[in-house]
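This report refers to the structure that appears directly beneath it.
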Amino acid sequence: MHTITLSHIQQFSLDQTLGCGQVFRWDHTGDGWWYGVVGMQVIKIRQDGQQLAFDGASVPFITEYFSLDIDLQPILASIDRDPFIDIAMRQCTGLRLIRQPKWECLISYICSTNSNIPMIRRRISTIAEQFGREIIFEGKTYFTFPEPSAITCSGGKTLADCKLGYRTPYVFNTASAIGNIKQWEETISAMPFEAARRELMKLSGVGPKAADCILLFAFQKYEAFPVDVWIRRIMQQHYIRTLNTNAALTGWEYDIIRRFAREHFGEYCGYAQEYLYAARLG
């Protein structure tokens, strides 16, 4: 078992970070432990005050994955522009943006369209069980997320068995288009935000919201501001009164919201988005 002792000024809440809906492959047990599959490893982790205890990963991996190497205070100070976001940040103290595996994040948010979190989790789990590699950890079976080449629509195991509905061809076509994961990741990472956003939206099943989620959670492009029904409602109630939330969200309105957020919250508006989203039920 490894441990990390956080400094007294190092804000981090494991529960807020893993429970806010940004990742889909973590489960919380009744005794305080979280279990998740990240890459090729199963990780077990819990927090007691300023101490993290974990198994299945190294200290450098946990530090990078949970963005513990980032000084959160200047980021929060930069987005603390109004009373409403200030309240949201206080409700979700210690929430950090996870550095997610990029390929898995891409497919996760293709599978997230028109869905709630339990359904998204079920779809991702099914894809892993169908095409991933088996890992035994503490006597329980887990599955890694498959490489693009492992996802097929023919043979003994097919994508159709994963019950993704209309998302099935999106996942298959995107897996076929990616090919070399490392090359794709390096290409998107090197692009400026707007260019990377346009490039992602060329992939099957990737719309504006999915692209922004992928850029924010997997590529650490913090100027991304994903807009869903919750964020749209919050923005209408507290920031842009002229929005018509009774009608379907249009691309034009989406752009109004994300550009307002970039101007209002600054270069880390993606952090503001996650705090607003996580505090929505508070």
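All of the numbers you see were taken from the coordinates with simple rules; none came from a lab. Predicted model only: the values in this text are computed from it and were never measured. Don't worry about glycine lacking a Cβ; one is built from the backbone with ideal geometry, like all the others, and counts go over all protein chains shown.
Quick notes on this structure:
- Taking label points 7 Å from Cα along the Cα-to-Cβ direction, Gln51 and Met119 give a separation of 4.3 nm.
- Kirkwood hydrodynamic radius of the stretch 2-69, Cα pairs, Å: 12.3
- For Thr168, Thr158, Thr17, order by how many other beta-carbon atoms lie within 10 Å, fewest first: Thr158, Thr168, Thr17
- Charge-dipole axis of the chain as Lys and Arg at +1 and Asp and Glu at -1 on Cβ define it, positive-most pick from Val42, Pro148, Trp252: Trp252
- Cα-based radius of gyration for the chain, normalised by 2.2 N^0.38 Å, reads 1.00.
- The chain: most fluctuating residue of Ala224, Ala248, Ala261 per GNM, C-alpha cutoff 10 Å: Ala248
- Only Cα pairs under 8 Å and 6+ residues apart enter the sum, and on that basis the relative contact order of the chain stands at 19 percent.
- For Asp255 and Ser78, the difference between the fully extended length at 0.36 nm per residue and the C-alpha to C-alpha distance is 61.5 nm.
- Panel values: the stretch 102-219, Kirkwood radius from alpha carbon pairs, Stokes-Einstein at 25 °C and 0.890 mPa s, translational diffusion coefficient 167 µm²/s.
- Part-to-part distance (alpha-carbon centres) for the stretch 140-172 and the stretch 43-65, which is given in Å: 30
- With a threshold of 28 Å on the Cα-Cα distance, the over-threshold entries among Lys44/Lys202; Lys157/Lys221; Lys163/Lys221; Lys182/Lys221 are Lys44/Lys202; Lys157/Lys221; Lys163/Lys221.
- About the Cα centre, charge dipole magnitude for the stretch 2-69 (Lys/Arg +1, Asp/Glu -1 at Cβ), debye: 80
- The modelled label-to-label distance for the pair Thr93/Glu64, using points 7 Å beyond Cα in the direction of Cβ, is 3.1 nm.
- Efficiency of FRET from Cβ geometry, Arg241 and Gln41, R₀ 51 Å, rounded to 0.05: 0.60
- Think of each Lys and Arg Cβ as +1 and each Asp and Glu Cβ as -1; about the Cα centre, that makes the dipole of the chain roughly 780 debye.
- Here's how it looks for Phe143: its modeled amide H is under 5 Å from those of Ile135, which are all 5 or more places away or on a different chain.
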